[in-house]
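The values are calculated or read from the model by the stated rules, or taken from the named source; none is laboratory data. All of these numbers come straight from a predicted model, not from anything done at the bench. Cβ placement follows ideal geometry from the backbone for every residue including glycine, while neighbour counts extend to all protein chains displayed.
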Amino acid sequence: MKKITFEEIKDFTIVQLSISKNEIITETTCLAHDLGVAGDDGFEYMIDFSKQFKMSLENFDSIEYFGNEDSGSIIFMFPYLYARFIKKTPARDLVDLPELSLGHLLTCASLGKWIKPQA
């Protein structure tokens, strides 16, 4: 097992996703649910993550965790925007994807390979 710290994962994520250093990022922070990572952006994040932390992505399905790029089209945005801003539904409750937390990515990076999160 490799010695990788959560701070390394956090710093990588802040830079990759251009997140404010003032935003609270913890091991329970989820890419899609909390940070809004979706589609090709999620795929690119995971490719860069795997290179940075020398982790195999064998058996990783980007669409399962980040959805299709098409899901961001304007037709799909209306219900999201209505629920989010008119009904005041938290963004976390509007993402219909399995959670992928930074803590889980720390585990994977330490093992050097992708493993599915426990349900």
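So which residues in the stretch 1-43 are modelled with pLDDT under 90 and out of contact with any helix residue (DSSP H, G or I) (no Cβ under 9 Å at 6 or more places or on another chain)?
Asn22
I need the full set of residues from the stretch 24-47 which are surrounded by 12 or more Cβ atoms within 10 Å (Cβ to Cβ) and without any contact (Cβ under 8 Å) to a residue 24 or more places away in the chain, in order please.
Within the stretch 24-47, Leu35, Phe43, Glu44, Met46, Ile47 qualify.
Quick grid of which residues meet (1) free of Cβ contacts under 8 Å to residues at least 24 places away in the same chain; (2) not hydrophobic (A, V, I, L, M, F, W, C):
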site: Lys3; (1), (2): no, yes
site: Phe6; (1), (2): no, no
site: Ile9; (1), (2): no, no
site: Val15; (1), (2): yes, no
site: Lys54; (1), (2): no, yes
site: Glu58; (1), (2): no, yes
site: Ile63; (1), (2): yes, no
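So for the stretch 88-97 (the condition being at pLDDT 70 or above, under 20 Å from Ile47 (Cβ atoms), surrounded by 11 or more Cβ atoms within 10 Å (Cβ to Cβ) and under 19 Å from the mean Cα position of the chain (by Cα)), does at least one residue qualify? Give the steps one after another, and end with the answer.
Initially, the stretch 88-97 is screened for residues at pLDDT 70 or above, giving 88, 96-97.
Of the ones still in play, those that are also under 20 Å from Ile47 (Cβ atoms) are 97.
From what is left, the residues that are surrounded by 11 or more Cβ atoms within 10 Å (Cβ to Cβ) are 97.
Now narrow it down to the ones that are under 19 Å from the mean Cα position of the chain (by Cα): 97.
Yes, the stretch 88-97 contains at least one residue that is at pLDDT 70 or above, under 20 Å from Ile47 (Cβ atoms), surrounded by 11 or more Cβ atoms within 10 Å (Cβ to Cβ) and under 19 Å from the mean Cα position of the chain (by Cα).
For the stretch 48-63, how many residues are among the small types (Gly, Ala, Ser), surrounded by 13 or more Cβ atoms within 10 Å (Cβ to Cβ) and in contact with a Gly (Cβ under 8 Å, 6 or more places away or on another chain)? Before the answer, list the steps.
Initially, the stretch 48-63 is screened for residues among the small types (Gly, Ala, Ser), giving 50, 56, 62.
Subset that is surrounded by 13 or more Cβ atoms within 10 Å (Cβ to Cβ): 50, 62.
Of the ones still in play, those that are also in contact with a Gly (Cβ under 8 Å, 6 or more places away or on another chain) are 62.
Of the residues in the stretch 48-63, 1 are among the small types (Gly, Ala, Ser), surrounded by 13 or more Cβ atoms within 10 Å (Cβ to Cβ) and in contact with a Gly (Cβ under 8 Å, 6 or more places away or on another chain).
Give me the pairs, please: first residue somewhere in the stretch 105-119 and within 16 Å of Tyr65 (Cα to Cα), second residue anywhere and aliphatic (A, V, I, L, M) and surrounded by fewer than 16 Cβ atoms within 10 Å (Cβ to Cβ), beta-carbon distance under 8 Å, and either six or more positions apart or on two chains.
Cys108/Ile115
Condition (residue is modelled with pLDDT of 95 or more, of a type outside the set (Gly, Ala, Ser) and part of a loop (DSSP other than H, G, I, E, B)) applied to the stretch 60-82: is it met by at least one residue? Full working, then the answer.
Just the residues of the stretch 60-82 that are modelled with pLDDT of 95 or more, to begin with: 60.
So of that shortlist, the ones also of a type outside the set (Gly, Ala, Ser) come out as 60.
Then keep just the ones that are part of a loop (DSSP other than H, G, I, E, B); that gives 60.
So far as the stretch 60-82 goes, yes, one or more of its residues are modelled with pLDDT of 95 or more, of a type outside the set (Gly, Ala, Ser) and part of a loop (DSSP other than H, G, I, E, B).
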